Amino acid sequence: MNSKKMLAVWGVLLGGIAALLAFFGNPGNMAFCIACFVRDMAGAARFHQAAIVQYMRPEIAGLVLGAFGISLATKEYRSTGGSSPMIRFLLGMITMIGALIFLGCPLRMVLRMAGGDLNAYVAFVGFVLGAATGSVFLKKGFSLGRAYDTQKVSGYVLPAIMALLFLLSVTTTIFTASTEGPGSMHAPVFLSLAGGLLFGAIAQKARTCFAGGIRDAILMRNFDLLTVIGSLFAAMLIYNLAAGKFVFSFAGQPVAHTEHIWNLLGMYTVGLAAVLAGGCPLRQLILAGQGSGDSAVYVAGMFVGAAVCHNFGLASSGQGTTPAGRIACVACIVILLVLGAVCRREKR
């Protein structure tokens, strides 16, 4: 069992990895963003044509493989599936839509907060409210049903795909890569892979989950997961202050917009979807790495969601949201509220 002190150490290490990747080339306030990096990978594979966000990010492959390796080593690997896979696919898509309205996942939200981006603090309020709404549904009996043991090899599929994507990215030129914009900014390939592997292994051991931390605090008065997140924030804050990258403002933040209501609603969507799905985007990648087929389906939904956002003009930019994005965000919230109300545990 992780002690609070050990959880704080894990969080500092996670923050240190993010800071290292930022120092060596990843976008400063996007040092490690699950939604942004999945979007970049979808672009690299030509799922969308947004030229400035295309790069086969090694960090995502590293996350899955790191969790896969550590779970095998500690005998925590377990191949499971069958818990409402299509709903989980939909939740993955909705999560990506909400994240690209705000321009970041919960991890990037915390990293942006550590850089002084006040827009991320607005989004944090929305994220907490979304996770709290999901917690209310959990108290009222929300459930997507139990997962069942599956063939062991089933859990190997996503790690194998991630390994293949990485190998193809370093040995061939079949993937597209941005020449400008966020997709062109990245740390050296093998440093990114190593950072992802270590991040994935630590996140698996620390059970890191941004939505889960808020859920546990509300439902069980358990603040263990928030300890990890708080120390990650502190580590990145120290890096930004030391490197002169801390800018306390709304305006002028890189790859961010100042439309407060949509920053709030975008992350409200992510917080609610994450609690209903049983974990934030980071946690879903970790669970997929340790054998959860349901989480792998959620991750697939994120990839499709990224393509939908850019192919149909839903994603925000530094200039703000789009009309289609705002409509989609509200529609996603309605869908989540309906799912929360109708998906209940079966009475025996």
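Observations, loosely collected:
- Residue within region 57-73 that is under 16 Å from GLY291 (Cα atoms), without any contact (Cβ under 8 Å) to a residue 60 or more places away in the chain and more than 14 Å from the chain's Cα centre (by Cα) present: yes
This table checks each residue for (1) more than 20 Å from TRP10 (Cα to Cα); (2) over 16 Å from the mean Cα position of the chain (by Cα); (3) of a type outside the set (Phe, Trp, Tyr).
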residue	(1), (2), (3)
ILE174	yes, yes, yes
GLY181	yes, yes, yes
HIS186	yes, yes, yes
LEU193	no, yes, yes
ALA201	no, no, yes
CYS209	no, no, yes
GLY213	no, no, yes
ASN222	no, yes, yes
THR227	no, yes, yes
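- Matching option when the condition is at pLDDT 95 or above, under 18 Å from the mean Cα position of the chain (by Cα), surrounded by fewer than 22 Cβ atoms within 10 Å (Cβ to Cβ) and closer than 27 Å to ASN222 by Cβ, among MET113, MET109: MET113
- Given (1) over 29 Å from PHE47 (Cα atoms); (2) in a helix (DSSP H, G or I); (3) open to solvent by 40 Å² or more (accessible area, probe 1.4 Å), index of the condition ARG146 fails: (2)
- Helices (runs of 4 or more DSSP H) contained in region 1-99 and holding at least 2 residues surrounded by fewer than 23 Cβ atoms within 10 Å (Cβ to Cβ): 4-23, 58-73
- Looking across region 218-237, the residues that are over 19 Å from GLU76 (Cβ atoms), open to solvent by 10 Å² or more (accessible area, probe 1.4 Å) and not in a loop (DSSP other than H, G, I, E, B) come down to ILE218, LEU219, MET220, LEU226, THR227, ILE229, GLY230, SER231, PHE233, ALA234, ALA235, LEU237.
- Scanning region 297-335 for residues that are aliphatic (A, V, I, L, M), open to solvent by less than 50 Å² (accessible area, probe 1.4 Å), in contact with a Gly (Cβ under 8 Å, 6 or more places away or on another chain) and farther than 29 Å from GLY252 by Cα gives VAL297, VAL299, ALA300.
- Selection from region 192-239 of residues that are free of Cβ contacts under 8 Å to residues at least 24 places away in the same chain and not hydrophobic (A, V, I, L, M, F, W, C): GLY213, ASP216, ARG221, ASN222
- Residue check: SER169 meets all listed conditions (1) polar (S, T, N, Q); (2) in a loop (DSSP other than H, G, I, E, B); (3) farther than 16 Å from GLY289 by Cα but one, namely (2).
- Within this structure, GLY16 passes the test of being among the small types (Gly, Ala, Ser) and more than 26 Å from GLY301 (Cβ to Cβ).
- Breaking point among (1) open to solvent by less than 10 Å² (accessible area, probe 1.4 Å); (2) within 15 Å of PHE127 (Cα to Cα), for ARG215: (1)
- Filter result for PHE124 (among the aromatic types (Phe, Trp, Tyr), touching a residue at least 40 places away in the same chain (Cβ under 8 Å) and under 26 Å from TYR239 (Cβ atoms)): yes
The values are calculated or read from the model by the stated rules, or taken from the named source; none is laboratory data. Remember, predicted model here, so these are calculated numbers, not experimental data. Cβ coordinates were reconstructed from backbone atoms using ideal geometry, including for glycine residues, and neighbour counts include every protein chain displayed. Heads up: the accessible areas ignore ligands, DNA and RNA and are worked out on the full protein's heavy atoms, side chains in. Shrake-Rupley method; radii C 1.70, N 1.55, O 1.52, S 1.80 Å.
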